[in-house]
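Asks: Quick one: this structure, given as structure tokens, is what I'll be asking you about.
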Amino acid sequence: MKHDACIQQLQLTMVRLPEAELRKILDEYRDYIRDAVADPRNEGRLIAALADSRQLAVAAFARRRLLRAQCARLARHALGGMAAACGVVAMYWLFLQ
């Protein structure tokens, strides 16, 4: 399988991703392949390693889930910090009255 076919199959496998994220991932793989196949003898080995687009898609979706979980955790921590700050201000205001 040539690298164009590999990229095309990867794109079809990850069709559920948002367009911008899909483009970014595909561009990263294109750059990786372009750098690795500077020597034509390596192209076959590289494409064989990348040929299983399902494994690549699983890795991309796992990375996406991890990023979402980290964003959700950060949001919870930020809300907790804001709630604590509001509580401190309220207590300060009550005791100064």
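Taken together, the values in this text are just the output of simple stated rules run on the coordinates, not laboratory data. In this text, all values refer to a predicted model and were calculated from it rather than measured experimentally. All Cβ positions, glycine included, derive from the backbone under ideal geometry; neighbour counts span all protein chains shown.
Asks: With the crude spin-label approximation of a point 7 Å out along Cα→Cβ, what separation in nm comes out for Glu28 versus Ala78?
Replies: 2.2
Asks: Still on this model: Using a simple spin-label model with points 7 Å from Cα along the Cα→Cβ vector, what separation in nm is obtained for Ala36 and Gln8?
Replies: 2.0
Asks: Modelling each spin label as a point 7 Å along the Cα-to-Cβ direction, I'd like the Glu21/Leu94 distance in nm, to one decimal.
Replies: 4.3
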